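Student: Quick one: structure below, then a few questions.
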Amino acid sequence: MDYSQFLAMKQEIGLLILFLIVFFYDAFAPRKVQKYLPGLTAILMTVLTVVGCVWMFTGESFTSAFNGMYETSTVIDAIKNILNIGVIIVLIQSVKWANGELMIMRRGEFYMLLLVTLFGMYLMISARHFLLFVIGLESASLPLAAMVALDKNRYESHEAAVKYILTACFSSAVFMMGLSFIYGLTGSLYFEDIYMSLAGQGLSVMMVLAMAFVLAGVGFKLSLVPFHLWTADVYQGAPTSVTSYLSVISKGATAFALLCILVQAFGCVYSQVWEWMLYALIILTITIGNLFAIRQRNMKRFLAFSSVSQAGYIMLGIIACNTMGAAAMMYYIFVYIFSNLAAFGVIGAIENATGRVSMDEYSGLSKSNPRLAFTMMLAMFSLAGIPPFAGFFSKFFIFTSAINQGSIAIYVLVLIALINTIISLYYYLLVVKAMYISDKPAVIDRFNSTPGERLGMIITVAGIILLGLASPVYNWLLETTDMSPILNMFMLQ
Amino acid sequence: MFENPLIYFVVIPLLMLGGLALCKNIKQIRAVAVAGSVALIGLSVWLLVDYLAKRAGGATDPMLYVDSWMWFEPLNIHLAVGVDGISIAMLLLSSIIVFAGSFASWQISDPKAFFLWLILLSTGVFGFFISIDLFTMFMFYEVALIPMYLLIGVWGSGNKNYSAMKLTLMLMGGSAFLMLGLIGIYYHSAPEGGQLTWNILDIVKNDAIPHGWQSFLFPMTFVGFGVLGAMFPFHTWSPDGHASAPTAVSMLHAGVLMKLGGYGCFRVAIYLMPYAANELAWIFLVLTGISVVYGAFSACVQTDLKYINAYSSVSHCGMVLFAILMLNTTAMTGAIMQMLSHGLMTALFFALIGMIYGRTHTRDIRLMGGLMKIMPFLAVCYVIAGMASLGLPGLSGFVAEMTIFVGSFQHTDMFHRVFTIAACAAIVITAVYILRVVGKLLFGPVQDKHHLELTDATWWERTSTVTLIICVAAIGCFPNFFNELINFTFSPEIFKVIGLN
């Protein structure tokens, strides 16, 4: 065996080293310096991201290892770095929480579990063999259940963890059922072989069933409707830092992994099978997510449904099946990370300081805590897609790339999505209304947020404002995906 | 980038935003707002003079000062600017109304935040009028819409929560259709294999949008902009929105923002898709015809001053779209004149209503009367605004409506005739509601003894109203100047649809 193949996995290896440092620090560092662990992890993660970016710009544009089981390219490096940036923000925002009363004994667990799930997501993105993919999927799901349960004093946290682990197991089972069908049809679990084999055979019931199972299995993780039922409870029950991690990083990684599966393994049955499945899923996801979000009064449940509908928009980048869509999707995830983390940062800060999470209690926030209210407003505008904030650009580009596919059906889909943006604008404005317009006296007193929370807010606000107006980000992503040999081979345009 | 004079229409408001952020007290805020809007007026006047000089010097391009800077290269999105006479007229109108609006909101509460949002709104407006790239145009369009929510929600009156939400959602709903239409235009903007473009001038030059697609994309864009132009049945945001908005916002919204709708309709929908416009104009002609008549009738039965003017705006803005859809030089020129006239006149109306409301604390005409004796200056201004609105010669309304109807009568078929006559009849109804208000509000007995103690206009209120009245009279007295400024664009060579008709 050629051991130099492992060099292709440099990002994963870097993450493992980071994991080991955190592990040994947590296990052996004297108690006095234990409280520096959150900061240390954030700094190490930043170092890893910077190194990762250097690799991305200087490394090979495409590498494959282990007989094509593992693959990495500039595009894949890019999405990993995007996720890393999100993780850094989550780490910065959670410093206060991780040093709190509750976490004093289990600080290390949080960071280790988080890094393990990130490792799993890396594998999901890079896997080109379903076995490796399943390993990634499992290691990205199971530790998350433990993270959800970290808040041991709260009943909801336990409930959420049980719900999460049951759905995760169930969805894995469904997913593997689909895989077994596919193995039966094609005799291989390599994406490449599956593609070749499927291209040679006609459409069969087995094929459609297999595809449905695979989509359902991944759909659970992405919380696409009708597989979204766990989302709101888990988001509400989990500690806010975990919720924010769950809503952006986990979602972004799975979305990209789904793109890789659909395009590289099932690309040849695009128009026969999965275009229509995804079409229906997108409409359901966007619409139902939006309609349910309207009624939520708990901010975390509210953002849970909002993130359900956002997942629908992310899927628009896949359904077009072109490189432009892949780029727009990555860009959407990037922007979504900043917007959603800005919102969760504010929610977390308020929850840490006052314990309040209801939207009604946010009334008058603009008077008592103008900066928090402003950050929240920008986040809401960005999520709703209002220019000049980044959310507008990401929505515009994802619609543009979807329409690039050209059929009338896509126009109809985009129109439905656009009408849904109006519904979403309504409930995002409800938050703005509570903070800025409501005449009720302020419930939340003025408080000072911690340096970590403040830094997190500065980063996210800067991202929300700059990511859209500064065109190089999107231009670079689109050019890179356009030049990516693998994506190009399987895409329509 | 900064050699082009047009870019300063965006730069100045941005500088104002920066300046406002640094302001410490209300005096500084007022200074920034006034200085900025004076600079904008100065810039647009200079642009007007320079533009006329260039045209006199023989420039025949459809747009002058054209420039474009690459933004999102893979999608060929530029920040592209360029103006013709119509855009210049609109820029001038906007800057005058921003100026008058700053004076009208001299004593607003929480001025810093108010002016920040107001200037952000006007950044969007100016950006929209200078853009010739569909993407940036759409972006500025939405930038102009969203501050309305907070401006009405926070500083508004009456049923403001409901109105603000309704207005925002309906306008954004329009822009959803618009976005789809614009993306559709982009993908058909060049012949097979050519470089797709968002640039309006290039799209017209390519003339590549297939006729089938035009008849799908034209309604999308027209309805998208039509919502903002208060086209029936999408006008319902307008009365509630205007009634709840604070004075300066009503002025800016009725005066400028609603013009974005009309401007977009001809600059994007009709200009880019002439064939569909020619075929489908009748559908929208029916709708806008209903707007004109229905708005006028609704205004007759309202008792709230702001509702009266909001419905009157529906009627007048309906007239703008109505005239644009006549698709000939005269009527379209009239449409632009009507935009200018209505913009100034409605701004004047809303300013006066705001001033009266600030004194009497009611807008119900049944509870007021005899204001002519109490506050003669405001009352006289109100009469002037009313006269402009019902089309008294010498003021702007007459010129605009006259041109529109002359243009409309050039169509000799039954269909156009019927609608033209119906629209003409709306003028009479306008006279009814204007005179009714003037009679009830300004003359007649004083309804409330407390009103006798009220004072007349202050100097800043006088500045605001006098500026607008001068402009209204200027259009009324020198229509030919504006006519020549505008109708250059509406020639068959540039505006293809006019040749088709």
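The values are calculated or read from the model by the stated rules, or taken from the named source; none is laboratory data. Quick caveat, the model's predicted, so the values are computed rather than measured. Every residue, glycine as well, gets a Cβ built from its backbone with ideal geometry; the counts of neighbours run over all protein chains shown.
Student: Can you find, within the stretch B:59-95, the residue that is nearest to the other protein chains (Cβ to nearest Cβ) among those that are among the small types (Gly, Ala, Ser) and under 26 Å from B:MET339 (Cα atoms)?
Tutor: B:ALA80
Student: Consider A:VAL116 carefully, then state whether it is among the aliphatic types (A, V, I, L, M), out of contact with any Cys (no Cβ under 8 Å at 6 or more places or on another chain) and closer than 30 Å to A:ASN99 by Cα.
Tutor: yes
Student: Something else: Going through B:LEU435, B:LEU352 one at a time, which residue ends up being exposed (fewer than 15 other Cβ atoms within 10 Å of the Cβ) and touching a residue at least 12 places away in the same chain (Cβ under 8 Å)?
Tutor: Sole residue among the options that is exposed (fewer than 15 other Cβ atoms within 10 Å of the Cβ) and touching a residue at least 12 places away in the same chain (Cβ under 8 Å): B:LEU435.
Student: Continuing with this model, one more query. Would you say A:TYR195 is over 19 Å from the mean Cα position of the chain (by Cα), within 19 Å of A:VAL134 (Cβ to Cβ) and modelled with pLDDT under 90?
Tutor: Here the answer is yes, as A:TYR195 does meet what is asked.
Student: I would also like to ask the following. Looking only at the stretch B:189-205, filter to residues that are crowded, with 22+ Cβ neighbours inside 10 Å and under 14 Å from B:MET273 (Cβ atoms); which one of those is farthest from the other protein chains (Cβ to nearest Cβ)?
Tutor: Restricting to residues being crowded, with 22+ Cβ neighbours inside 10 Å and under 14 Å from B:MET273 (Cβ atoms), the top hit is B:ILE200.
Student: Only one residue in A:ASP151, A:ASP77 is out of contact with any Asp or Glu (no Cβ under 7 Å at 6 or more places or on another chain) and more than 18 Å from A:ILE333 (Cβ to Cβ), so which one is that?
Tutor: None of the other options fit; the residue is A:ASP151.
Student: Here's something else I'd like to know. Checking the conditions here, which among B:THR420, B:THR430, B:THR412 is more than 30 Å from B:ILE353 (Cα to Cα) and in contact with a Ser or Thr (Cβ under 9 Å, 6 or more places away or on another chain)?
Tutor: B:THR420
Student: Still on this model: Can you name the residue in the stretch A:318-328 that is in contact with a Phe, Trp or Tyr (Cβ under 7 Å, 6 or more places away or on another chain) and in a helix (DSSP H, G or I) and is also modelled with the highest pLDDT among such residues?
Tutor: Filtering first and then ranking leaves A:ALA328.
Student: Which of the residues that make up the stretch A:412-447 are closer than 22 Å to B:GLY173 by Cβ and more than 7 Å from chain B (Cβ to nearest Cβ)?
Tutor: A:VAL412, A:LEU413, A:ILE416, A:ALA417, A:ASN420, A:ILE423, A:SER424, A:TYR427, A:TYR428, A:LEU430, A:VAL431, A:VAL432
Student: Now for a different question. Go through A:TYR183, A:TYR111 for me and flag whichever is surrounded by 20 or more Cβ atoms within 10 Å (Cβ to Cβ) and in a helix (DSSP H, G or I).
Tutor: On inspection, the qualifying residue turns out to be A:TYR111.
Student: A:ILE444 fails exactly one of the following numbered conditions: (1) under 24 Å from B:PRO147 (Cβ atoms); (2) in a loop (DSSP other than H, G, I, E, B). What is the number of that condition?
Tutor: (1)
Student: Right, here's the next one. Anything in the stretch B:438-482 that is over 21 Å from B:PRO393 (Cβ atoms) and not in a helix (DSSP H, G or I)? List them, or say none.
Tutor: Those that are over 21 Å from B:PRO393 (Cβ atoms) and not in a helix (DSSP H, G or I): B:PHE443, B:GLY444, B:PRO445, B:VAL446, B:GLN447, B:ASP448, B:LEU454, B:THR455, B:ASP456, B:ALA457, B:THR458.
Student: Please work out which one of (1) within 23 Å of the chain's Cα centre (by Cα); (2) farther than 30 Å from B:LYS306 by Cβ; (3) touching a residue at least 12 places away in the same chain (Cβ under 8 Å) is the condition B:ALA473 fails and give its number.
Tutor: Every listed condition holds for B:ALA473 apart from (2).
Okay, residues lined up against (1) in a helix (DSSP H, G or I); (2) at pLDDT 90 or above; (3) under 21 Å from A:ILE333 (Cα atoms):
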site	(1), (2), (3)
A:LEU203	no, no, no
A:ALA210	yes, yes, no
A:PHE213	yes, yes, no
A:GLY217	yes, yes, yes
A:ASP233	yes, yes, no
A:SER250	yes, yes, yes
A:PHE256	yes, yes, yes
A:VAL263	yes, no, yes
A:SER271	yes, no, no
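Student: Scan the stretch A:280-317 for residues that are of a type in the set (D, E, K, R) and touching a Phe, Trp or Tyr at 6+ places or on another chain (Cβ under 7 Å) and jot them down.
Tutor: Once the filter is applied, which keeps residues that are of a type in the set (D, E, K, R) and touching a Phe, Trp or Tyr at 6+ places or on another chain (Cβ under 7 Å), the stretch A:280-317 yields A:LYS300, A:ARG301.
Student: Mind listing just one residue for me: the one in the stretch A:360-390 that is more than 19 Å from A:GLY456 (Cα to Cα) and away from chain B (no Cβ under 14 Å) and, of those, surrounded by the most Cβ atoms within 10 Å (Cβ to Cβ)?
Tutor: A:TYR362
Student: From the list B:VAL34, B:VAL98, B:VAL49, B:VAL45, which one is assigned to a helix (DSSP H, G or I), away from chain A (no Cβ under 14 Å) and buried (at least 23 other Cβ atoms within 10 Å of the Cβ)?
Tutor: Only one candidate passes the filter, namely B:VAL98.
Student: Counting residues that are closer than 20 Å to B:ALA431 by Cβ, which helices (runs of 4 or more DSSP H) fully inside the stretch B:251-341 reach at least 3?
Tutor: Answer list for the stretch B:251-341: B:274-301, B:305-324.
Student: In the stretch A:387-424, what count of residues is obtained for those that are in contact (Cβ under 8 Å) with a residue 60 or more places away in the chain and hydroxyl-bearing (Ser, Thr, Tyr)?
Tutor: Within the stretch A:387-424, residues that are in contact (Cβ under 8 Å) with a residue 60 or more places away in the chain and hydroxyl-bearing (Ser, Thr, Tyr) number 4.
Student: With the requirement that a residue be farther than 17 Å from A:ILE82 by Cα, of a type in the set (Gly, Ala, Ser) and more than 14 Å from every other protein chain (Cβ to nearest Cβ), what does the stretch A:312-336 give you?
Tutor: A:GLY312 - this is the single residue of the stretch A:312-336 that is farther than 17 Å from A:ILE82 by Cα, of a type in the set (Gly, Ala, Ser) and more than 14 Å from every other protein chain (Cβ to nearest Cβ).
Student: Could we say that B:ASP50 is within 24 Å of B:TRP198 (Cα to Cα) and free of Cβ contacts under 8 Å to residues at least 60 places away in the same chain here?
Tutor: Considered against the rule, which asks whether it is within 24 Å of B:TRP198 (Cα to Cα) and free of Cβ contacts under 8 Å to residues at least 60 places away in the same chain, B:ASP50 comes out as no.
Student: While we're looking at this one, here's another question. Which condition number does A:TRP276 fail, the rest of (1) part of a helix (DSSP H, G or I); (2) surrounded by fewer than 24 Cβ atoms within 10 Å (Cβ to Cβ); (3) in contact with a helix residue (DSSP H, G or I) (Cβ under 6 Å, 6 or more places away or on another chain) being met?
Tutor: With respect to (1) part of a helix (DSSP H, G or I); (2) surrounded by fewer than 24 Cβ atoms within 10 Å (Cβ to Cβ); (3) in contact with a helix residue (DSSP H, G or I) (Cβ under 6 Å, 6 or more places away or on another chain), A:TRP276 is out only on (3).
Student: Under the condition of being among the acidic types (Asp, Glu) and farther than 30 Å from B:LYS160 by Cα, which residue from the stretch A:438-485 is nearest to the chain's Cα centre (by Cα)?
Tutor: Step by step, filter the stretch A:438-485, then rank; the result is A:GLU453.
Student: Among residues belonging to the stretch B:230-250 that are in contact with a Leu (Cβ under 6 Å, 6 or more places away or on another chain) and part of a helix (DSSP H, G or I), point out the one that is surrounded by the most Cβ atoms within 10 Å (Cβ to Cβ).
Tutor: B:VAL249
Student: I've got another one for you. Hey, among the residues in the stretch A:399-411 that are hydrophobic (A, V, I, L, M, F, W, C) and facing chain B (nearest Cβ under 10 Å), which one's surrounded by the most Cβ atoms within 10 Å (Cβ to Cβ)?
Tutor: Out of the qualifying residues, it is A:ALA402.
Student: Starting from residues that are among the β-branched types (Val, Ile, Thr) and assigned to a helix (DSSP H, G or I), keep the ones in the stretch A:44-64 and report whichever is surrounded by the most Cβ atoms within 10 Å (Cβ to Cβ).
Tutor: Looking at residues that are among the β-branched types (Val, Ile, Thr) and assigned to a helix (DSSP H, G or I), I get A:THR49.
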